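First the structure, in the form of structure tokens, and then the observations on it.
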Amino acid sequence: MHRPPDRVLRFSRAERWVHRATAALMLTCLATAACLYLAPLAELVGRRRLVVTVHVWCGLALPVPLLLGLAFRAVRADVSRLSRFHPVDRAWLRAVRRRAEHRPAGKFNAGQKLYAQWTLGAMLVLLGTGLAMWLTHLAPATWRTGATFVHDWLAAAVAVVTVGHVRMALRDPESRRGMRTGLVDRRWAEREHPQWPHEDAAAVREEQAVREEQAVRERQPAQVKQAVRE
């Protein structure tokens, strides 16, 4: 596909589908949870057993898009970026506190990294507590009571954070375009993520160094065997 010169590839197709599938599952979980816990919605929707079934299976499927996406290099690279904090991220947080216009960031800024890490942790906790509530024979009553408390309040926190995430996305049309089409405006990328090109270059150098090290290790046994034969 021809890419306009003023556009930069931000997300591959695999990255976009992981985001969309995870978002769809999460929103479905939140919607069904609201129908289960809010009386007006429960009366309006009805069919509680069906709502519970949808909620449970969407919750179980939440990690699946990411796990499948790890088969693609671009997704693995993003996971690596989102899981690491660098000095530039601390500088971004300081700039946010000072409300400075210039906020240094790589492909993802510190706020996006914090959101991704928090969301992944919340998903795992919700999955674990949900299993304890669903499979009642695996845990004593006291554990299930605690799991229910944690599950309910963490789900409420996820709902609040998700609303904030959507609000931020609505305020940044170029960011939404990147998630929708994969391409963003080059000037936007240079302004919002100025360290992104340097980050990519460093990643390429690191990958090349790893490959060279592996090649050296693979050559060493052959050299040792040849020396023994001689």
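Cα-based Rg (one decimal) and Dmax (whole number) for segment 1-58, in Å?
Using the Cα atoms of segment 1-58, the pair Rg, Dmax is 18.0, 54 Å.
Whole-Hz Karplus ³J(HN,Hα) for segment 6-23, in order, using 6.51 cos²θ - 1.76 cosθ + 1.60 and θ = phi - 60°, x for Gly and Pro?
Running phi through 6.51 cos²θ - 1.76 cosθ + 1.60 with θ = phi - 60° gives 8, 10, 10, 6, 9, 9, 6, 4, 4, 4, 5, 6, 4, 5, 5, 5, 5, 4 Hz.
What number comes out for accessible area per residue over the chain if the probe is 1.4 Å? Units Å², please.
69
Could you give the dipole magnitude of the chain about its Cα centre, charging the beta-carbon of Lys and Arg +1 and that of Asp and Glu -1, in debye to the nearest 20?
320
Mind running the shape call on segment 90-188? Use the C-alpha gyration tensor, a ≥ b ≥ c as the square roots of the eigenvalues: rounded below 1.5 for a/c, prolate if a/b tops b/c, oblate otherwise.
Cα axes put segment 90-188 in the prolate bin.
Rounded, prolate or oblate: which fits segment 1-110 when a ≥ b ≥ c are the square roots of the eigenvalues of the alpha-carbon gyration tensor, with rounded for a/c under 1.5 and prolate only if a/b beats b/c?
It is prolate, given that a/c is not under 1.5 and a/b is the larger ratio.
Over the chain, consider all pairs of different Cα atoms and compute the Kirkwood hydrodynamic radius from their mean reciprocal separation; express it in Å, one decimal.
Kirkwood radius, the chain: 20.9 Å.
Residue separation times 0.36 nm, minus the C-alpha to C-alpha distance between VAL64 and THR162: what's the value?
Extra length from VAL64 to THR162 when fully extended: 33.3 nm.
Among VAL184, TRP92, VAL45, which residue has its Cα positioned farthest towards the positive end of the charge dipole of the chain, with +1 placed on the Cβ of Lys and Arg, -1 on the Cβ of Asp and Glu, and the dipole taken about the Cα centre?
Going by the Cα projections, it comes out as VAL184.
What's the magnitude of the charge dipole for segment 89-160 around its Cα centre, counting Lys and Arg as +1 and Asp and Glu as -1 at the beta-carbon? Answer in Debye, nearest 20.
Here segment 89-160 has a charge dipole of around 520 debye.
With a 10 Å cut-off between alpha carbons and a GNM built on the chain, which of LEU25, LEU38, LEU70 moves the most?
The residue that fluctuates most here is LEU38.
How high is the relative contact order of the chain, given as a whole-number percent (alpha carbon pairs under 8 Å, six or more residues apart)?
26
Can you give the helix-only mean residue ellipticity at 222 nm for the chain, where every DSSP H stretch with n ≥ 4 adds -39500 (n - 2.57) and the sum goes over all residues, rounded to the nearest 500 deg cm²/dmol?
Computed ellipticity for the chain at 222 nm equals -26000 deg cm²/dmol.
Ignoring ligands, DNA and RNA, what percent of the 1.4 Å accessible area of segment 117-157 is carbon and sulfur?
Carbon and sulfur together cover 78 percent of it.
The values are calculated or read from the model by the stated rules, or taken from the named source; none is laboratory data. Not measured: the values here are computed from a predicted model. Methodologically, a virtual Cβ is constructed for each residue, glycine included, from the backbone with ideal geometry; neighbour enumeration extends over all protein chains shown. For accessibility, only protein heavy atoms count, side chains too; no ligands or nucleic acids. Shrake-Rupley method; radii C 1.70, N 1.55, O 1.52, S 1.80 Å.
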